[in-house]
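The values are calculated or read from the model by the stated rules, or taken from the named source; none is laboratory data. This is a predicted model, so every value here is computed, not measured. Counting neighbours? That spans all protein chains shown, and the Cβs are built from the backbone with ideal geometry, glycine included.
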Amino acid sequence: MRPILVNIPAKLLFVAALALALGIFLRDLIQRRKDRSIPLSSTPLYLLVAAEVLIGMKSGSWTPSAAGFGHPWTPVPIYSYGVMLGTSLVVGWFLVMRLAKQDNIDQQEAGTMYMWTAVWSIIGSRVLYVLTNLSDFDSVTEMFMVNRGGLVAYGGMIGGFLASWYGCRKRKIPLLQWADVVAPGVVLGTAITRMGCFLFGCDFGARSSLPWAIRFPGPSALAPQGSPAWQHHVRDLGLARDAAWSYPVHPTQIYEALVGLSLFAILMLIRRYRRFSGQVFLGWVLGYGIMRPLIEIVRDDDQRGNVGSLSTSQFIGIASVVLGLALLVALVRRYRRDPESLRLWQTPALAAAGGAAGGHPVAATPKRRKRR
C-alpha cells in the first residue's frame, strides 16, 4: 500500500509553474514573429491559475506577499490513485484516437468527444459515490471535496455514456459507432485505475484464507490512520489496535484489474471479427455486467451503497446485462434484415457542425434498402 507516491515541495512547484508559463509564452511570441497566424497558447494561463491556487492554499492568502512566502509551505502530495486515474485517461486518449481513425470518425471530433466524456465520467463517478454515501457528508460543500470519499466506477460509466450520447447527437455521429471505439479504452482504463485502488488500499475484499489473500498495513508515515481495511477490521472485526497489519483479505482490486485486461483483449478480438456495430460495446456491457456483481460478493468495504439485498454496483450490473441482452436481440434482428445498415465503421462519420467549421464536407448518409 502506498497512497502517496511522492511529496513535491510546494514552493518549487510554484516556481516551476511560473517558469514554464513564461517559457511557453516567450516561445509563442517567437513563433508569431515568423507567422502571425499562429495563435497564442492558453497553457500559460492555466499554469498561472495553478500557481495562484498554490498561493491561496499554502500561504493562507490569495494575494502574493513576502510574508506569505516567508513561512514554510506544506508539500503537495501526489496520490497513487490520482496518478493511475490520470494514466488511464492518457492511455485511453491514444487508444481512442487510434480506433476512431480505424472506424472513420473525424479525429478532431473524436478528441473533443473523448475530453467531455472523460470529464463527465469523473463527475458521474463522484455523483454516484455521494448518492450512495449521503450520511457521510455534513454539508453540500463536503460533497465537492475530493478528499472526502472517492469515486464509483459505474457512476463514471453512466456519466460517460450520457456525455457520449449528447455529443454524438450534437455531431450527427452514430452512437453505436462511437461506443465501439471507446469501449476498449473504458475497460483498459478500469484495469489501470484499479491498480491505483490497490496502492491506495480502498475497495478491499472480505477476509480470506486463500493463498493469494493479502494484508494491508496499519498506521504509517504515508497513512497515519492506517489502511481502510485495517481501520475496518479494528473498528468492526475485533482486530487489535496495535496490530501492524489487517486480516488477510481478497485482493479484489487485482481481480478487477485482471477482469479489465481480459475484457480489453476480448473486445479487441471482437473488433477484428465483428459483423455489426454495437458488438464491441455489448461485449463490454455484458462482460463487465456479469463479472462486477460476482466480484462484489467478496468485497467488504462499507461505502458501496445498497439497493435491497444487492450493492449498488450489483444492481446496476444486473440491470445493464438485462438491457444489454435486449439491445443485442434488437441489433441481431436489424442486422438480419439489413446487414449494411449496421456496418457503421465503413462509413466516414463527420459532425455536421465540425464539417462546416473545418471546411470538410459532411459525409452523406448511405442509402438503405426499404424495409418491409
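Numbers at a glance
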| item | result |
| --- | --- |
| Residue ID - nearest to Phe281 (Cα to Cα), chosen from residues in the stretch 323-336 that are loosely packed, with under 12 Cβ neighbours inside 10 Å and not aliphatic (A, V, I, L, M) | Arg333 |
| Members of the stretch 30-46 found to be at pLDDT below 90 and either closer than 28 Å to Tyr79 by Cβ or not basic (Lys, Arg) (or both), listed by number | Gln31, Asp35, Ser37, Ile38, Pro39, Leu40, Ser41, Ser42, Thr43, Pro44, Tyr46 |
| Total residues in the stretch 48-69, condition part of a helix (DSSP H, G or I) and aromatic (Phe, Trp, Tyr) | 1 |
| Members of the stretch 69-86 found to be touching a helix residue (DSSP H, G or I) at 6+ places or on another chain (Cβ under 8 Å) and exposed (fewer than 13 other Cβ atoms within 10 Å of the Cβ), listed by number | His71, Thr74 |
| Residue check for Arg36: surrounded by 13 or more Cβ atoms within 10 Å (Cβ to Cβ) and of a type in the set (Lys, Arg) | no |
| Of all residues making up the stretch 172-193, the number that are under 12 Å from Gly160 (Cβ atoms) and among the aliphatic types (A, V, I, L, M) | 4 |
| Residues of the stretch 161-209 that turn out to be under 23 Å from Ser80 (Cα atoms) and charged (D, E, K, R), as a count | 2 |
| Those helices (runs of 4 or more DSSP H) lying entirely in the stretch 224-337 with at least 1 residues modelled with pLDDT of 95 or more and in the same structural domain as Gln102 (by TED's automatic domain parsing) | 252-273, 279-296, 312-337 |
| When residues of the stretch 192-223 are limited to those that are assigned to a strand (DSSP E or B) and in contact with a Ser or Thr (Cβ under 8 Å, 6 or more places away or on another chain), the one surrounded by the most Cβ atoms within 10 Å (Cβ to Cβ) | Gly205 |
